[in-house]
Structures are given as C-alpha cells and as structure tokens.
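K.L.:
Pasting a structure here, questions to come.
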Amino acid sequence: MLTVLALGIAETAINRLFDDLSDDDKASLVGKTLRVHIGAVLLHGLVVDVVFDTNKVRFEPAPSALFDDIDGTLSVANLQELMACLTDDTDICQYATTGDTAIIHAIRHIIHTHPKSQALLDRFYLYF
C-alpha cells in the first residue's frame, strides 16, 4: 500500500515537470516505455512500466508476460541506485539495462538542464 502511495506522489511530481518541458525535450521520450526493476525481481521487487505519452507520464504495474511492448529496461537494487543512475554522469553500463538506453540519456539530459528538476529532486531526497 505504501508503495502505491509513493508511486502516485512520484508520478504527480514528474508530471508537473513534464508539463513544463518543451516539445523538443519531450520528443525523445514520447511514445516510449521504460520498464524499471527496483530490488531483486525474483524476490518480488517492484517492477513498473514508465510510459511517456504526449502530455503526461504514467506509471503502470508491469504485466507478468515475458515479452511485452517495452523499449528498454533498467534494473537497480534500490531507490538510491535509481536516483544515482538518473542524476549522475557515471557510465550507464554499470547498471543493468537492455534495449533503448537513449531513454535514460534523455531523462538525464532533462534532469541536468531543466531548472525545476533540481527542486523536484531536493524534495524527493527529503522523503526518501
């Protein structure tokens, strides 16, 4: 239950930032789906699909099917590692990724260049 609440808060905050992005910033993400595994998947870790639509970002529980219509995956051990992957300039190869890693690079670019993203991250770190 707490996880659902946290995802809802994160989705709302991300959509506020997404609303302020230019069409050029959104272009590399719109129509893409990134599957994020947090924790050990075999031990019932969190698996969520991040779907980038034209006007918003949606978090959806990942279906249990083995093959889905996703563009890329990112697997991390915990939320701190997820944030490090999205905010640090470290090589993306140190994280378990498959498929279109350009999605992660586009997210990194937005985080590093959009003025409101730092305030959003500061609030995130207050709670987590």
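K.L.:
Here are several values of mean projected area of the Cα convex hull in nm²: (i) 9.3; (ii) 28.5; (iii) 7.6. Which one was derived from the coordinates shown?
P.N.:
(iii)
K.L.:
Any idea of the accessible area per residue across the chain, 1.4 Å probe, to the nearest Å²?
P.N.:
Per residue, the chain has 62 Å² of solvent-accessible surface.
K.L.:
Gly39's amide H: which non-local residues (gap 5+, or another chain) put their own amide H closer than 5 Å, with H modeled 1.01 Å from N in plane and none for Pro or chain starts?
P.N.:
Those lying under 5 Å, H to H, from Gly39 are Val76, Ala77, Asn78.
K.L.:
May I ask you to list the lysines whose Cα is less than 22 Å away from that of Lys116, ignoring any residue fewer than eight positions away on the same chain?
P.N.:
Lys26, Lys56
K.L.:
Be a star and scan the range 1-32 for residues whose amide nitrogen sits under 12 Å from the point 7 Å along the Cα-to-Cβ vector of Asp53.
P.N.:
31
The values are calculated or read from the model by the stated rules, or taken from the named source; none is laboratory data. Predicted, not measured: the structure shown is a model, and the values here were computed from it. Cβ sites come from the backbone with ideal geometry, for glycine too, and all protein chains shown count toward neighbours. Surface areas here come from the heavy atoms of the whole protein model, side chains and all, with no ligands, DNA or RNA. Shrake-Rupley method; radii C 1.70, N 1.55, O 1.52, S 1.80 Å.
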